[in-house]
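The values are calculated or read from the model by the stated rules, or taken from the named source; none is laboratory data. Since we're looking at a predicted model, the values are computed, not measured. We place every Cβ from the backbone using ideal geometry, glycine too, and count neighbours over all the protein chains shown.
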Amino acid sequence: MKRKLLLESILSHALIVFLCVVWLIPIVWVILTSLRATPGVASPTFIPQSFTLQNYVTLFFPSGAQAYYIMFGRWMLNTIGVAVLNMIFSTLFILCTAYALSRFRFKTRKTILNMALILGMFPGFMAMIAVYLILNMLGLINHPIALFIVYSAGSALGFYVSKGYFETIPIDLDEAAMIDGASQWQIFIKIILPLTKPIIVYTALTSFMTPWMDFILASMILRTPEQKTVAVGLYGMIMENADLFNNFTVFAAGCVIVAFPIVIMYVILQRFIIEGISAGAVKG
Amino acid sequence: MAVLFPGSGALLVNSYIKPILKFASFIIFTIYMTFNGYKFLIGTESFPGLNMGLYHGIAVIVVLYFWFHSLYKTMLNVEQKAYKTPDWVIKVKNRFRDKGKAFRDYRQLWKHCSVSEKFHLLSPFWFMGLYQILKKRPLKGILLFLIQAAYIFYMAFTGVFDIVDFFVLNTEFRPSTFNLVYGFVAFLLSGVFMYVYVHNIKTVTIYVKDKLYKIKPMIAELKELVDHRLYVTLLTAPLLGVLTFTVVPLLFMISIAFTGYQGASLNFNWTGLDSFGSLVLVRDNLATLLSVIRWTLIWAFFATFTNYFGGILLAALINKKLIKWKKVWRTIFIITMATPQFVSLLIMYQMFGMQGPVNQTLLNLGIIDTAINFWGIQWQARTLVIIINMWIGIPYLMVLTSGILMNIPKDLYEAATVDGASRTQQFFKITMPYMLYVTAPLLVTGFISNINNFNVIYLLTQGRPYGVGLVNAGGTDILITWLYQLTRTHRMYNLSAAIGIIIFLMSALISLGIYRNTAAYKREGELR
C-alpha cells in the first residue's frame, strides 16, 4: 500500500513538473532570445552561444534608422499613463454600476441587465469603425487619451463579477445601518466598500492591465511612433517594418520588460486574482 | 381543416380576433403571390436598386413558418383540448389595458376639475415648468423650462435637419457617415426629451389630482439622490459612457449593414438587404461564409472544451492531497497567465515558424530532415491554433475551477471511499458532475467568447494560410477575423457589418436558448 502511494506520488509530481516545463518553454525562450547576441528569429541551438545585454540598450537608446520607430521609453510612459487613468475611472464605473444593480430595485433595472446581455453578444470591435469616427469628430485620433476614454466608457459593461460579489454580502448589514439612520451613500462608502476589498483590487488590476494587453483598438487609433502604447509599438517593430531579422531579439527584450512588472504584480496579488476569478465563475 | 384555414384551431376554442387576423393575412398573401409576387421570386420582373427576389423569398419563408406553426399549435390544442394564450400576448394586452385605464382616468379628472386646475393640467404640454413656478418652486420650474427651450432650439437649428439627412443619407455637403452619427444623436436626444416631457406631464397630473402632494423642494430631491435614489447617481456616468462609446457605435454599424458603404468614398445610400443578399446569394461568398461559420463553430467547440476539461484536470492534479509545494506550481501557471497575450501569441507564432526553435530542435535531434511549414497547411495550422489556445487558456481555467473544486463537500468523497469506489470513479462520478452543475453557464459564456476570440486567431496566424479558395479569407479565419480583414484590408464595411450581425444572431440564439433556462439566470434577483 505504501509503495503504491509512493509510486503515485512520484508519477504525479513527474507529470506536474513536465506540464510546468511545457508551459515555461516559450517564456524561457523569449528570455534567452532577448539575451542572444546574434539577431533574427533563427538560432542554431535553443540556448544561444553568446549572451549580450545590447538588445535592452537598443530598446531604450536606439541608433541609426531604428531611432525613428523604436521609442520604447515613450511607449512605456504612454501605457502607464493610460493604465493609471483607466484603472481609476473603470474601477469607479464598474463598482458603481455593480452596486446599483445589485442593491437597488428600480423600474429600468431588468432592462439594463438585458441590454448588457445583448450588448455583450455583439462582437467587441464590430463598433470600432464608428468609435473611430466619433473620436475623429472629437479630434482625438492619434492620442493615447482617446484610448483611456474608450476603455473606461465601455467598462461599465464588465460589472458581472463585482455584482456577483456584492450579492454575497448579506442585506441585513444594510438594513441594520439604515435603522441607525445611515443614508444609502454612507452605507455604500462606509460599510460595503471596505468589505469588498478583494474585488476592488481585482477590478483595479484588470483595468490597469487593459492597455498593456489591448492591441486592436490601440493599433487603429494610434498612428505615429511617439503616441503608441507598448503593445502597438512592439507589434509594429516586427510586423509593420518587416525588419524581423534585425528587430526580433530587441522585440524579445521589449516583451520581457513589459511582462516583468505584470508577472510580479500577478504573483504578489495572487490571492485577489484567484478570489476575483472564482467570484465570476459561479455567477457565470 | 387547419391546413387550409390557419387559425381555425383557435377559433374552435372561443378566440376570435387572432384567428381571423391570421386567416386574413394568409389569404391576402396567397392572392398577392399567385397574381403578382411570384414574378419577383422567379426573376421575370425586377425593381431598380432593390433586391425584390430576396425580400419575397424571406417573406415566403416567414409565412410558411407561421403556417406550420399554426398547424402545429392546432394539433397540440386538439390533443389537449385547451388553448393557452402565450405569456407575451398577455403581457402586451395588460400593458395596453393599463395605458387605456390611464387615459380614462385622465378624462375623468379633466371633467371634474375647475378652470384654474384645467389650466394647470394643460400647462406642461406647452410650457414645461410653468406649474412648478406657479407653485413657488422657481428653481425647478426654470430648469424644466430651460430643458424645453434647449431642445426646441436644438431641433430648430440642427436636429430636424439631422433627422432628415439620416433618411436621405447621401448628401452633398457632408459625408454619409456623419449623417448617420448625427441622426442617432438626434434620435437619442429626442428620446430623452420625450421621456422628461411625458414624465413631467404625469407628475403635474398627480399633483393636480391629489391636493395632499406638495412638490418637493430641489434640496430634498438632491438629498434623495444620495439616499434611496442613489442608483441614479451611481448609474448616470457609466451608462452615458456605454451609450456614447458602445450603443451609438453599434447602432451605427448595424445600420451600415443596410447601406452601400464600400471603399474609400464616404458617401453612400441605403440599400436595404442587399449586403446580406450578396453574402448569401453570390455563390463564392456563400461558400466562404459557410466554410468560415463551420470552422468558427469547430474552433469555439474545441477551444472551450479543451480548456474547460484541461483546466479542471490540472486543478484536480494540483489539489491532490499528496502533491507537495502546491503554491509553487500554481504560481508557475499564474506566471504564464500574466504574460500579455500579444506577447505570448506573437512568440508562439515565431516558435513554430520555419526557422523557429521547434523546427530547429527537431532538425538538430534528427527527427526531421526539412523544416515543417506548420502554418502553411490548413489543417496543421488549425490544430496548432487549438493547441496553442490550450496553453493560453488552461491556467486561467485552472485558477477558476480550483476554488470550486475545494468547495466540494469532503464527506461525499469519504462516503464513496467507504463504499469502495476507486479514485478514478470518484473523479468521474463526483467531481465532474459537481463541476458541470456549478459551472455550466461558464461553458456557454466561454463558447460565445470563443466565437468572438479575435486575439488568438489574429495575433497567431492573421488568418493564414491564405489562398485556400475562400473569398478574402484565410484558412484559419473565424467570422470575427474575417470581418476584420474585410474592414481593414478590403474596406467592405457593409459586408463586414452584415457578418457582425450574423455573429450576433449566432451568439444570441445559442446563449438565449441555453442561458435563459439555467438556474443562475432565473435565480437572479431572488437572492435577497
Within the stretch A:109-148, tally of residues that are within 9 Å of chain B (Cβ to nearest Cβ) and not in a helix (DSSP H, G or I): 2
Residue match in the stretch B:397-415 (condition: farther than 23 Å from A:Glu8 by Cα, surrounded by 15 or more Cβ atoms within 10 Å (Cβ to Cβ), without any contact (Cβ under 8 Å) to a residue 12 or more places away in the chain and touching a helix residue (DSSP H, G or I) at 6+ places or on another chain (Cβ under 7 Å)): yes
Identity of the residue in the stretch A:150-180, free of Cβ contacts under 8 Å to residues at least 40 places away in the same chain and away from chain B (no Cβ under 11 Å), that ends up surrounded by the most Cβ atoms within 10 Å (Cβ to Cβ): A:Ala177
B:Leu281, sole failed condition from (1) under 22 Å from B:Val444 (Cα atoms); (2) touching a residue at least 40 places away in the same chain (Cβ under 8 Å); (3) aliphatic (A, V, I, L, M): (1)
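Any chance the stretch A:199-213 includes a residue that's within 9 Å of another protein chain (Cβ to nearest Cβ), free of Cβ contacts under 8 Å to residues at least 40 places away in the same chain and more than 16 Å from the chain's Cα centre (by Cα)? Talk me through it step by step, then tell me what you get.
If we filter the stretch A:199-213 for residues that are within 9 Å of another protein chain (Cβ to nearest Cβ), which is where we start, we get A:209, A:212-213.
Okay, now just the ones that are also free of Cβ contacts under 8 Å to residues at least 40 places away in the same chain, so A:213.
If we keep only those that are more than 16 Å from the chain's Cα centre (by Cα) as well, we get none.
There is no residue in the stretch A:199-213 that is within 9 Å of another protein chain (Cβ to nearest Cβ), free of Cβ contacts under 8 Å to residues at least 40 places away in the same chain and more than 16 Å from the chain's Cα centre (by Cα).
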Any chance B:Gly475 is touching a Pro at 6+ places or on another chain (Cβ under 6 Å) and part of a loop (DSSP other than H, G, I, E, B): yes
Looking only at the stretch B:302-315, and only at residues there that are among the hydrophobic types (A, V, I, L, M, F, W, C) and under 25 Å from the mean Cα position of the chain (by Cα), the one that is surrounded by the most Cβ atoms within 10 Å (Cβ to Cβ): B:Ala303
Top-ranked residue in the stretch B:320-341 [being at pLDDT 85 or above and in contact with a Ser or Thr (Cβ under 9 Å, 6 or more places away or on another chain); ranked as farthest from the other protein chains (Cβ to nearest Cβ)]: B:Arg330
Count of the stretch B:172-198 residues which are loosely packed, with under 13 Cβ neighbours inside 10 Å and either in contact with a Pro (Cβ under 8 Å, 6 or more places away or on another chain) or not in a helix (DSSP H, G or I) (or both): 3
Residue, surrounded by the most Cβ atoms within 10 Å (Cβ to Cβ), within the stretch B:227-260, restricted to residues that are more than 9 Å from chain A (Cβ to nearest Cβ) and not in a helix (DSSP H, G or I): B:Ala257
Residue among A:Val28, A:Val21, A:Val17, A:Val57 that alone is under 22 Å from A:Met213 (Cβ atoms), of a type in the set (A, V, I, L, M) and under 29 Å from the mean Cα position of the chain (by Cα): A:Val28
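Do we have any residue at all in the stretch B:364-373 that's touching a residue at least 24 places away in the same chain (Cβ under 8 Å) and either under 26 Å from B:Lys327 (Cβ atoms) or surrounded by fewer than 20 Cβ atoms within 10 Å (Cβ to Cβ) (or both)?
no
Each row is one residue, and each column tells you yes or no for (1) of a type in the set (Phe, Trp, Tyr); (2) in contact with a helix residue (DSSP H, G or I) (Cβ under 7 Å, 6 or more places away or on another chain); (3) touching a residue at least 60 places away in the same chain (Cβ under 8 Å).
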| site | (1), (2), (3) |
| --- | --- |
| B:Glu224 | no, no, no |
| B:Arg229 | no, no, no |
| B:Thr233 | no, yes, no |
| B:Thr244 | no, yes, no |
| B:Gly260 | no, yes, yes |
| B:Trp270 | yes, no, yes |
Set B:Ile215, B:Ile201: member being more than 14 Å from chain A (Cβ to nearest Cβ) and assigned to a helix (DSSP H, G or I): B:Ile201
Inter-residue pairs, beta-carbon under 9 Å, first away from chain B (no Cβ under 11 Å) and surrounded by fewer than 18 Cβ atoms within 10 Å (Cβ to Cβ) and in the stretch A:21-38, second assigned to a helix (DSSP H, G or I) and among the hydroxyl-bearing types (Ser, Thr, Tyr), 6+ apart: A:Ala37/A:Thr249; A:Thr38/A:Thr249
Test result for A:Ile189, within 30 Å of B:Leu234 (Cα to Cα), in the same structural domain as A:Phe166 (by TED's automatic domain parsing) and in contact (Cβ under 8 Å) with a residue 60 or more places away in the chain: no
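Just one of B:Phe125, B:Phe96, B:Phe166 is assigned by TED's automatic domain parsing to the domain that holds B:Thr259 and surrounded by fewer than 19 Cβ atoms within 10 Å (Cβ to Cβ); which is it?
Going through B:Phe125, B:Phe96, B:Phe166 in turn, just one is assigned by TED's automatic domain parsing to the domain that holds B:Thr259 and surrounded by fewer than 19 Cβ atoms within 10 Å (Cβ to Cβ): B:Phe125.
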One residue from B:Trp270, B:Trp295, B:Trp299 being more than 26 Å from B:Ile478 (Cβ to Cβ) and under 27 Å from the mean Cα position of the chain (by Cα): B:Trp270
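Going through B:Lys209, B:Lys136 one at a time, which residue ends up being free of Cβ contacts under 8 Å to residues at least 12 places away in the same chain and over 30 Å from B:Tyr261 (Cα atoms)?
B:Lys136
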Only one of B:Pro465, B:Pro441 that is under 28 Å from A:Pro123 (Cα atoms), assigned to a loop (DSSP other than H, G, I, E, B) and assigned by TED's automatic domain parsing to the domain that holds B:Ser511: B:Pro465
Number of the condition not met by B:Phe268 [criteria: (1) hydrophobic (A, V, I, L, M, F, W, C); (2) crowded, with 16+ Cβ neighbours inside 10 Å; (3) within 14 Å of another protein chain (Cβ to nearest Cβ); (4) not in a loop (DSSP other than H, G, I, E, B)]: (4)
Subset of the stretch B:137-171 [within 31 Å of the chain's Cα centre (by Cα) and under 13 Å from B:Ala186 (Cβ atoms)]: B:Gly159, B:Val160, B:Phe161, B:Asp162, B:Ile163, B:Val164, B:Asp165, B:Phe166, B:Phe167
Number of the condition not met by A:Ala100 [criteria: (1) surrounded by fewer than 22 Cβ atoms within 10 Å (Cβ to Cβ); (2) facing chain B (nearest Cβ under 9 Å)]: (1)
A:Ile10 surrounded by fewer than 17 Cβ atoms within 10 Å (Cβ to Cβ) and in the same structural domain as A:Gly236 (by TED's automatic domain parsing): no
Residue within the stretch B:282-305 that is within 8 Å of chain A (Cβ to nearest Cβ), assigned to a loop (DSSP other than H, G, I, E, B) and at pLDDT below 90 present: no
